[in-house]
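Here, each number is a calculation from the coordinates, and none is a lab measurement. Remember, predicted model here, so these are calculated numbers, not experimental data. Glycine also receives a Cβ, built like all others from the backbone with ideal geometry; neighbour counts cover every protein chain displayed.
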Amino acid sequence: MKIYEIIKPLGILAYVALMFAFFTGVAKFKFHVRWINIKWHIWLGVIAVVLASIHAIIVIYVNM
């Protein structure tokens, strides 16, 4: 697998993780869903930032 073939799936995974982090935050803080743990929200946010950063680094590397 070539490095430029990873760009699209990594970007999609970053957006999915970001959406999950957003929805868990909305569910926890606006709708007060008790079974959602705040640690899930934090970890999903960290995963989204890491995936987006890796995606950006690969895009910059491929376009150099």
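Listed by first and then second residue, the pairs with beta-carbon distance under 6 Å, at least 6 apart or on different chains, first residue in the stretch 1-19 and farther than 9 Å from His55 by Cβ, second surrounded by fewer than 17 Cβ atoms within 10 Å (Cβ to Cβ) and aliphatic (A, V, I, L, M), are Tyr4/Val62. Taking every residue in the stretch 44-64 that is touching a residue at least 12 places away in the same chain (Cβ under 8 Å) and pairing it with any residue that is outside any helix (DSSP H, G or I), at least 6 positions away or on another chain, the pairs with Cβ-Cβ distances below 8 Å are Ile58/Ile6. Filtered by the rule that a residue be out of contact with any His (no Cβ under 7 Å at 6 or more places or on another chain), surrounded by 12 or more Cβ atoms within 10 Å (Cβ to Cβ) and part of a helix (DSSP H, G or I), the stretch 20-45 gives Phe20, Phe22, Phe23, Val26, Ala27, Phe29, Trp40, His41, Ile42, Trp43, Leu44, Gly45.
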